[in-house]
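The values are calculated or read from the model by the stated rules, or taken from the named source; none is laboratory data. What you are looking at is a predicted structure, and each value in this text was computed from that prediction instead of being measured. Cβ sites come from the backbone with ideal geometry, for glycine too, and all protein chains shown count toward neighbours.
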Amino acid sequence: MKERTPTRRRRSKAIDRKLGVPAGTPIHVGERRTDRARISVFEYDAGGCDEYSFTTASEFGALRRARKFLWLNVHGLHDSALMTAIGERFGLHPLTLEDVLNTSQRPKLEEYPNYLFLVLRLLDVDDDTRGIGSDQLGLVIGPDFVLSFQEYARGAFDPVRERLRAPGSPLCDRGPDYLAYALLDIAVDRYFLVVDHLAEKAEGLEDEAMMKPTPALLERINRCKRDTLTVRRAVWPLRELVGTLQRGDRANFSAETRLYLRDVQDHSIHVLESLDGVRDQLGDLLEIYLSSVSNRLNLEVRVLTVLSILFLPATLIAGIWGMNFPQMPLIGDNAGFWWVIGMMATCASAMAALFWRHRLLRQRD
């Protein structure tokens, strides 16, 4: 049986804690990505933007809103007490908090009386392993606030923060629906970087498969296919999610913002089409690898066969002159040994020249 990794064991223990627990109980399920949870708050309106940060529930409880709109972002989802305080402050349903703390959710959209709840995956390329990193993003879109929940600080939304900090930013004049669109747009645009990385990796693997197919190459091909599947699982439901927001008549999104959501949906479709191209390329790459291995094996078998044939005349001659007859040609000749060796060498050379002429000792063009 395959041994579980430490991450899988921790996740299994968290799931065990949820067994038999009433629905809506805030229990963190997943890997702890940060040592301490951190909250950043942006209050903004046409007059400007104010920025705060908190690390405890008591500090967050002292927040008093001074502007029209609010964006609260959480890094670190393991602090259940802090999440409960946020839920009580903004009137979140217990099921919403449960989904936020369970980091294995698939992308989805849920509608509550006072807000919309979205779950999607944030993807990036790991600088060390060059693999695909994935973590959960939860978005709560209310009438005058946006709540975002991330597993750890990755800097994905820094461009939005800079836009809010800029004096006279048009983003401050718009409501939380436009801010939610901006966050979704960044998440989808990051998918393009991941797909481009997978496409470059597939091209490199294809060149290697043509030149030198090895078992290690096959492992990298399968790993790339798994990464492609991870991205597809994140993007496919997101396309339907954004399409529902764009087509729906919800008070949380204005008609103008839904026009921008159409652009996000178009980007998600583009990502899927590019991803399908990479997946087809990897499927063809696996066939190229198997064909290259088969061709290389055929070449090796052909060379061994030719070498065996080259030694057949020598074996025949040695067998004839190795018979124990009293009278045989060249038996009494002092140069008989060299005559036999000469016949063996002549036959082998003639056959080698013939094979070389017919390209049996070298790869065909």
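Being under 18 Å from Ala182 (Cβ atoms) and touching a Leu at 6+ places or on another chain (Cβ under 7 Å) is the filter; apply it to segment 55-74 and report the residue that is surrounded by the fewest Cβ atoms within 10 Å (Cβ to Cβ).
Leu72
Looking at segment 223-264, which of its residues are closer than 28 Å to Ala202 by Cβ and in contact with an Asp or Glu (Cβ under 9 Å, 6 or more places away or on another chain)?
Passing the criteria: Arg232, Asp263, Val264.
Condition check ((1) touching an Asp or Glu at 6+ places or on another chain (Cβ under 8 Å); (2) modelled with pLDDT of 90 or more) across all residues:
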| position | (1), (2) |
| --- | --- |
| Leu82 | no, no |
| Thr96 | yes, yes |
| Arg106 | no, no |
| Leu116 | yes, yes |
| Asp128 | no, no |
| Leu137 | no, yes |
| Cys172 | yes, no |
| Gly175 | yes, no |
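If you go through segment 308-341 one residue at a time, how many are under 60 Å from the mean Cα position of the chain (by Cα) and either loosely packed, with under 13 Cβ neighbours inside 10 Å or among the basic types (Lys, Arg) (or both)?
3
Just to be sure before I move on: is Arg9 at pLDDT below 75, under 23 Å from Arg161 (Cβ atoms), of a type in the set (Lys, Arg) and surrounded by fewer than 18 Cβ atoms within 10 Å (Cβ to Cβ) in the structure I sent?
Taking the combined requirement at face value, the residue does not satisfy it.
Return the residues of segment 106-137 that are of a type in the set (Asp, Glu), within 30 Å of Lys225 (Cβ to Cβ) and loosely packed, with under 14 Cβ neighbours inside 10 Å; say none if nothing qualifies.
Asp126, Asp127, Asp128
For (1) of a type in the set (Lys, Arg); (2) more than 18 Å from Asp185 (Cβ to Cβ); (3) in contact with a Ser or Thr (Cβ under 7 Å, 6 or more places away or on another chain); (4) surrounded by fewer than 18 Cβ atoms within 10 Å (Cβ to Cβ), each residue gets a yes or a no:
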position: Thr228; (1), (2), (3), (4): no, yes, no, no
position: Arg233; (1), (2), (3), (4): yes, yes, no, yes
position: Arg262; (1), (2), (3), (4): yes, no, no, yes
position: Ile269; (1), (2), (3), (4): no, no, no, yes
position: Leu286; (1), (2), (3), (4): no, yes, no, yes
position: Ser291; (1), (2), (3), (4): no, yes, no, yes
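I'd like to know if segment 296-311 contains one or more residues that are among the aromatic types (Phe, Trp, Tyr), in contact (Cβ under 8 Å) with a residue 24 or more places away in the chain and out of contact with any Asp or Glu (no Cβ under 9 Å at 6 or more places or on another chain).
Scanning segment 296-311 turns up at least one residue that is among the aromatic types (Phe, Trp, Tyr), in contact (Cβ under 8 Å) with a residue 24 or more places away in the chain and out of contact with any Asp or Glu (no Cβ under 9 Å at 6 or more places or on another chain).
Pairs under 7 Å by beta carbon, first residue without any contact (Cβ under 8 Å) to a residue 60 or more places away in the chain in segment 315-327, partner of a type in the set (Val, Ile, Thr) and surrounded by 10 or more Cβ atoms within 10 Å (Cβ to Cβ), six or more apart or different chains?
Here the result reads Ile317/Val340; Trp321/Val340, each pair linking segment 315-327 to a residue that is of a type in the set (Val, Ile, Thr) and surrounded by 10 or more Cβ atoms within 10 Å (Cβ to Cβ).
Do you know which residues across segment 28-45 are modelled with pLDDT under 85 and either in a strand (DSSP E or B) or under 18 Å from Leu164 (Cβ atoms) (or both)?
Selection gives Val29 alone.
Quick grid of which residues meet (1) surrounded by fewer than 15 Cβ atoms within 10 Å (Cβ to Cβ); (2) without any contact (Cβ under 8 Å) to a residue 60 or more places away in the chain:
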{"residue": "Leu139", "(1), (2)": "no, yes"}
{"residue": "Pro143", "(1), (2)": "yes, no"}
{"residue": "Arg163", "(1), (2)": "no, yes"}
{"residue": "Pro176", "(1), (2)": "no, no"}
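Kindly check whether there is at least one residue in segment 320-343 that is in contact with a Gly (Cβ under 6 Å, 6 or more places away or on another chain) and outside the structural domain of Pro213 (by TED's automatic domain parsing).
Yes, segment 320-343 contains at least one residue that is in contact with a Gly (Cβ under 6 Å, 6 or more places away or on another chain) and outside the structural domain of Pro213 (by TED's automatic domain parsing).
Could you tell me whether segment 96-112 includes any residue that is more than 22 Å from Glu240 (Cα to Cα), in the same structural domain as Ala180 (by TED's automatic domain parsing), touching a Leu at 6+ places or on another chain (Cβ under 9 Å) and assigned to a loop (DSSP other than H, G, I, E, B)?
no
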